[in-house]
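Since the structure comes first, as structure tokens, the remarks are kept for the end.
Values quoted throughout were computed directly from the atomic coordinates according to the rules given, and no laboratory measurement underlies them. Just so it is clear, the structure is predicted and the values come from calculations on it, not from any experiment. Here the Cβ is made from the backbone with ideal geometry for all residues, glycine too, and neighbour counts use every protein chain on show.
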Amino acid sequence: MVIVSDSSPIIALAACDKLSLLDRLFGQVCIPQAVFDELAVPNKPHVPMITAWAKGRVVSVKNRAAARALALNLDPGESEALSLYWEIAADYLLIDEKKGRTIAARNGVRTVGTVGILLWAKQRGFLAEVKPSLDILMNTGFRVSDVLYRQILERAGE
């Protein structure tokens, strides 16, 4: 399976040291150039880990017109991620931002977010518990309501 990723899930997974889950869950992880540019900003947390992991995964979007059209409503990373999803006929788009997920869903794009990756990893035996990673994410500013937090842990059987 092939997944195209936006920047926030990569940052979130790096924060809880779980980037390797993407490699275990998917045969190919693709990162558009605009997403990589967002990730590689000096002095941001986890930049060395992220840039080392991203080597060989960065892909240039060929359909620049589609990316520009999407950029009217999305940031550059999201617009390139969505464009690349279609270009390479990816299986999933990894994205957390609500606006981007809504636009993707309206266009028939299969999406998954950071929490979904953690749940899939647990279901497949790649992660013993979701709670420690979820707690790290919440402590670093990842937004999850108390109700959703409990629902996630319930779905994870924790």
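Run down LEU119, LEU94 and say which single residue is over 17 Å from PRO32 (Cβ atoms) and either touching a helix residue (DSSP H, G or I) at 6+ places or on another chain (Cβ under 7 Å) or surrounded by 14 or more Cβ atoms within 10 Å (Cβ to Cβ) (or both). Walk me through how you get there before you give the answer.
Details: LEU94 fails: over 17 Å from PRO32 (Cβ atoms).
Selected residue: LEU119, the only one of LEU119, LEU94 that is over 17 Å from PRO32 (Cβ atoms) and either touching a helix residue (DSSP H, G or I) at 6+ places or on another chain (Cβ under 7 Å) or surrounded by 14 or more Cβ atoms within 10 Å (Cβ to Cβ) (or both).
With respect to TRP53, determine if the residue is part of a helix (DSSP H, G or I), without any contact (Cβ under 8 Å) to a residue 24 or more places away in the chain, out of contact with any Lys or Arg (no Cβ under 9 Å at 6 or more places or on another chain) and hydrophobic (A, V, I, L, M, F, W, C).
No.
I'd like to check something: does segment 21-33 contain any residue that is within 28 Å of GLY125 (Cα to Cα) and assigned to a loop (DSSP other than H, G, I, E, B)?
Step one: list which residues in segment 21-33 are within 28 Å of GLY125 (Cα to Cα), which gives 21-31.
With the extra rule that they be assigned to a loop (DSSP other than H, G, I, E, B), the set shrinks to 26-27.
Yes; the residues of segment 21-33 include at least one that is within 28 Å of GLY125 (Cα to Cα) and assigned to a loop (DSSP other than H, G, I, E, B).
For segment 129-147, name all the residues that are closer than 17 Å to GLU97 by Cβ and small (Gly, Ala, Ser).
Result: GLY141, SER145.
Give the number of residues within segment 97-116 that are part of a loop (DSSP other than H, G, I, E, B), loosely packed, with under 15 Cβ neighbours inside 10 Å and of a type in the set (Gly, Ala, Ser).
Number satisfying all stated conditions: 1.
Can you tell me which residues in segment 19-58 are surrounded by 21 or more Cβ atoms within 10 Å (Cβ to Cβ) and basic (Lys, Arg)?
none
Does ALA67 satisfy being surrounded by 15 or more Cβ atoms within 10 Å (Cβ to Cβ), over 27 Å from GLY141 (Cβ atoms) and either touching a strand residue (DSSP E or B) at 6+ places or on another chain (Cβ under 6 Å) or not aromatic (Phe, Trp, Tyr) (or both)? Explain how you work it out, then say what you get.
On the way: surrounded by 15 or more Cβ atoms within 10 Å (Cβ to Cβ): yes; over 27 Å from GLY141 (Cβ atoms): yes; either touching a strand residue (DSSP E or B) at 6+ places or on another chain (Cβ under 6 Å) or not aromatic (Phe, Trp, Tyr) (or both): yes.
Yes, satisfied.
Before we move on, is ASP17 more than 13 Å from the chain's Cα centre (by Cα), farther than 18 Å from THR114 by Cα and not aromatic (Phe, Trp, Tyr)? Before the answer, list the steps.
On the way: more than 13 Å from the chain's Cα centre (by Cα): yes; farther than 18 Å from THR114 by Cα: no; not aromatic (Phe, Trp, Tyr): yes.
No: the conditions fail for ASP17.
Within segment 8-19, is even one residue touching a Ser or Thr at 6+ places or on another chain (Cβ under 7 Å), over 26 Å from PRO132 (Cα atoms), in a helix (DSSP H, G or I) and not aliphatic (A, V, I, L, M)? Explain how you work it out, then say what you get.
Kept after step one, since they are touching a Ser or Thr at 6+ places or on another chain (Cβ under 7 Å), are these residues of segment 8-19: 9, 12-13, 15-16, 18.
Imposing the further condition that a residue be over 26 Å from PRO132 (Cα atoms) reduces the set to none.
For segment 8-19, residues touching a Ser or Thr at 6+ places or on another chain (Cβ under 7 Å), over 26 Å from PRO132 (Cα atoms), in a helix (DSSP H, G or I) and not aliphatic (A, V, I, L, M): absent.
Pull out all pairs, ordered by first then second residue, where Cβ-Cβ is under 9 Å, the residues are six or more apart or on different chains, the first lies in segment 57-75 and is within 14 Å of ASP6 (Cα to Cα), and the second is part of a loop (DSSP other than H, G, I, E, B).
Pairs that qualify, where the first residue is within 14 Å of ASP6 (Cα to Cα) and the partner is part of a loop (DSSP other than H, G, I, E, B), are VAL59/ILE88; ALA67/VAL61; LEU74/GLU97; ASP75/ASP6; ASP75/GLU97.
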